[in-house]
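Comments concern the structure below.
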Amino acid sequence: MKKTDTLLVGERTFCVLLLAFSLGIAVLAYQIAGFSSINSAGAFPLGASAVMVLAALSILFDLRGRTRADSNGWLDAARQFTRAHFPPRTLIFTALAIIYLATIHFSFYASTFGFLVLSMLYLRRGRLVSALAIAALLILMIYLMFTLAFSVYLP
Amino acid sequence: MSETFSYLLMAWSDPNLMLLTALGTFAGIYIGAIPGLSVTMAVSILVSFTFAWDVNDALALIVGIFIGGVYGGSRSAILLNIPGAPSSVATAFDGYPLAQQGEAGRAIGLSTVMSVIGGLIGTLVLASAAPVIGDLALRFAPRDYFLVAAIGLLLVGSLSEGSLAKGIFAAALGAVIGLVGMDPVTAQGRFTMGQTELMGGIHYVVLMIGLFGVAEALYQLHNLDSPVVRQKVDKILPSVAMVLKFLPLSIRTSLIGVIVGVLPGVGGDIAALMAYDHAKRTVKNPTQPFGKGAYEGLVAPETANSAAVGGAYVPMLTLGMPGDAVTAVIIGALVVHGLNPGPMLMVENPHIFWFTVGNLALANIFLLVFGLMGIKLFAKIVELPKAILIPLILVLCVVGTYSVNSSMTEVFWMLGFGVLGYVLKIFGFQMGPIILGAILGPLMDTSYRQAMSSVGDNPVELFGELLSSPLSLILTSAMLLILLSNTPLLGWLKGRLRPASSN
């Protein structure tokens, strides 16, 4: 992603969250062994978390002087961010993926078939017969490849 | 000597290994040619499938995919102006203008031959340099390992696209993820938040599949509707005179590729861009102006990114440090197979080293054959609909992650890392430093503690050793130089020195 003079929508908020996250990591690192020894189990994690905090501060510092994204308040910025980066297509596909993972323990092949058909139907806006045929073909390929060629445990 | 020779020819003489190398190379070209399917993604997923295999079989397939994938990226760069892999970004600069002028076939043919030349030079350097570096590495103290790993992380942070701060943040985040779990020395939990499931740590293949597979798949959802561009592909074989004309440049850019590839953490993408820049600066009379279809602009990045493959194996096999993201995954594969990449690998398991060298050479030969034979066929594959590809990638990610430890919790982790990677990508963070951090972080932790123990936990004494040991001093200076070059301090120093020297 190219650096531009204009901030991306939500970039400042994201960087603040990164800093907060880094501070949280630093607290967790401190909880390992505190400052008990320079050679303790927590010494390197503390160092790594300090680097994260410093880098997050530097990223925030770099945002200075850049033009704010054109938005009217937090709600509008959140709406713009969602529209640009989490459009319905991404959200629905992610939701389908979560449902797929949640149902996988019933039957790997049935849930995979369902996921493939539904996501292809959604992403290609229809074409049921071809989605069914392609999903069936892919399932056959997965079966042949993973049970015969690779011999891996399937969920 | 005869043993070395037999290891070297192992892949050439065993039909099974030969077939797997050929299959890997063929599949790699396909995978590399499809925009959105990266070679790192393919190798990450594949490694988890080959855990149950014999190590030679697994390595043969992975080497083929690696070589084929790096080259395959140039296909879509030339035909569609969409680099199939980050290492093919520079290829598109002149490759696509050539395709627009009806020279797509010749451009692909030349890029194939040049990739093979680069790949073979990279392999040759690996064969000759790695044993020397391996011997040197046996003299490395733990502090030197710490320094080399730190240099790797700094390099990947500073040379990758985006800001240094973002690169360093990503590397440190990776290190923290790599440290999750039980401390191997004190058995204390680190970053586990009291969860016993996390005591075993987060397998970095899980992280890798999430970041390179799912994150990329989510990102590609934005390009679902991009129109398919078809190019006329003919006049494939480049003439001998043409190859000879570009041979001196290809040798120079191959060497750039190998050197960049050898640096821990930096791979073909940086090598290709540096080689392109070199060609631009040194070629006085290109066939056409650079950026408008100069063959030199195609030759330079293609030789460099292929040569970087051999280079990337050098730190991996001699120091146990990944030369780039793909070799990071290969380290995982070697560890799973009970091998320990590092200086002792060359001593304990020399057959793995020589087998890899022979296999890389073989994969390059297959590349030449498949590359020149299947150009028209491969031109078709870049048109594969993403609406079919993306759900399939997700299924492969799920199967790949599950096969690591047969754990559905890890599959959910993988999906979580995918979404995290997607968000980080939106704000310009690179995925490579996170992976390298996850691998090098625990290694740095161990080296740091060993170094500290060796001086009785006395930081002043450790500092003294950093200055008194020539090797440590060189590494410390290199690290400081990289740090300095990324801060305004170096510019300020230059500014101060220039007027002083001109006076």
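The values are calculated or read from the model by the stated rules, or taken from the named source; none is laboratory data. All figures in this text were calculated on a predicted structure; none of them were measured in a lab. With ideal geometry, Cβ positions are generated from the backbone for all residues, glycine too; neighbour counts draw on all protein chains shown. Remember, those area values only see protein heavy atoms, side chains included, never the ligands or the DNA or RNA. Shrake-Rupley method; radii C 1.70, N 1.55, O 1.52, S 1.80 Å.
Could you tell me which numbered condition B:S48 fails, if it satisfies all but one of (1) within 14 Å of chain A (Cβ to nearest Cβ); (2) open to solvent by 10 Å² or more (accessible area, probe 1.4 Å)? Here B:S48 meets the rest and fails (2). Of the residues A:A97, A:A133, A:A77, A:A84, the single one that is without any contact (Cβ under 8 Å) to a residue 60 or more places away in the chain and more than 8 Å from chain B (Cβ to nearest Cβ) is A:A133.
Matching residues to (1) crowded, with 23+ Cβ neighbours inside 10 Å; (2) more than 10 Å from chain A (Cβ to nearest Cβ):
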site	(1), (2)
B:T123	yes, yes
B:L147	yes, yes
B:L153	yes, no
B:M193	no, no
B:T196	no, yes
B:V206	yes, yes
B:F212	yes, yes
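Being at pLDDT below 90, out of contact with any His (no Cβ under 7 Å at 6 or more places or on another chain) and farther than 21 Å from B:T21 by Cα is a description that does not apply to B:L339. Considering the stretch A:11-41, the residues that are at the interface with another protein chain (Cβ under 7 Å from one of its Cβ atoms) and not in a helix (DSSP H, G or I) include one that is nearest to the chain's Cα centre (by Cα), namely A:A41.
A single entry from A:S49, A:S111 fulfils the requirement of being of a type in the set (G, A, S) and closer than 28 Å to B:L164 by Cβ: A:S49. Of the residues examined, A:F44 is not one that is closer than 30 Å to A:I25 by Cβ, in the same structural domain as A:V16 (by TED's automatic domain parsing), assigned to a helix (DSSP H, G or I) and open to solvent by 70 Å² or more (accessible area, probe 1.4 Å).
Within the stretch B:53-97, the set of residues being at pLDDT below 80, open to solvent by 10 Å² or more (accessible area, probe 1.4 Å) and not in a helix (DSSP H, G or I) comprises B:N81, B:I82, B:P83. For the stretch A:47-76, name all the residues that are of a type outside the set (G, A, S), closer than 17 Å to B:G174 by Cα and open to solvent by 40 Å² or more (accessible area, probe 1.4 Å). Within the stretch A:47-76, A:V51, A:L54 qualify. Within the stretch B:410-445, the set of residues being more than 9 Å from chain A (Cβ to nearest Cβ), within 22 Å of B:P184 (Cα to Cα) and over 22 Å from the mean Cα position of the chain (by Cα) comprises just one member, B:E410. Within the stretch B:388-409, the set of residues being open to solvent by 10 Å² or more (accessible area, probe 1.4 Å), closer than 23 Å to A:A131 by Cα and at the interface with chain A (Cβ under 7 Å from one of its Cβ atoms) comprises B:I388, B:L392. List pairs: first in the stretch B:291-304 and on the phi < 0 side of the Ramachandran plot, second crowded, with 22+ Cβ neighbours inside 10 Å and outside any helix (DSSP H, G or I), Cβ under 7 Å, 6+ apart or cross-chain? That search, which allows pairs on different chains as well, returns nothing. If the Cβ limit is 8 Å and pairs must be 6+ apart or interchain, which residue in the stretch B:102-122 that is without any contact (Cβ under 8 Å) to a residue 12 or more places away in the chain pairs with which residue that is part of a helix (DSSP H, G or I) and among the aliphatic types (A, V, I, L, M)? As it stands, the answer is none, since no pair meets every condition given. In the set (1) crowded, with 24+ Cβ neighbours inside 10 Å; (2) at pLDDT below 85; (3) within 14 Å of chain A (Cβ to nearest Cβ), the condition left unmet by B:S158 is number (1). Taken as a whole, the structure places A:L118 among residues that are within 11 Å of another protein chain (Cβ to nearest Cβ) and surrounded by 14 or more Cβ atoms within 10 Å (Cβ to Cβ).
In the stretch A:98-115, what count of residues is obtained for those that are within 14 Å of B:I390 (Cβ to Cβ) and open to solvent by 70 Å² or more (accessible area, probe 1.4 Å)? Here the count works out to 0. Among the residues of this structure, B:L368 does not count as one that is in contact with a Phe, Trp or Tyr (Cβ under 8 Å, 6 or more places away or on another chain) and either open to solvent by less than 10 Å² (accessible area, probe 1.4 Å) or at pLDDT 85 or above (or both).
Residues in the stretch B:161-186 that are free of Cβ contacts under 8 Å to residues at least 60 places away in the same chain, outside any helix (DSSP H, G or I) and within 9 Å of chain A (Cβ to nearest Cβ): B:D183, B:T186.
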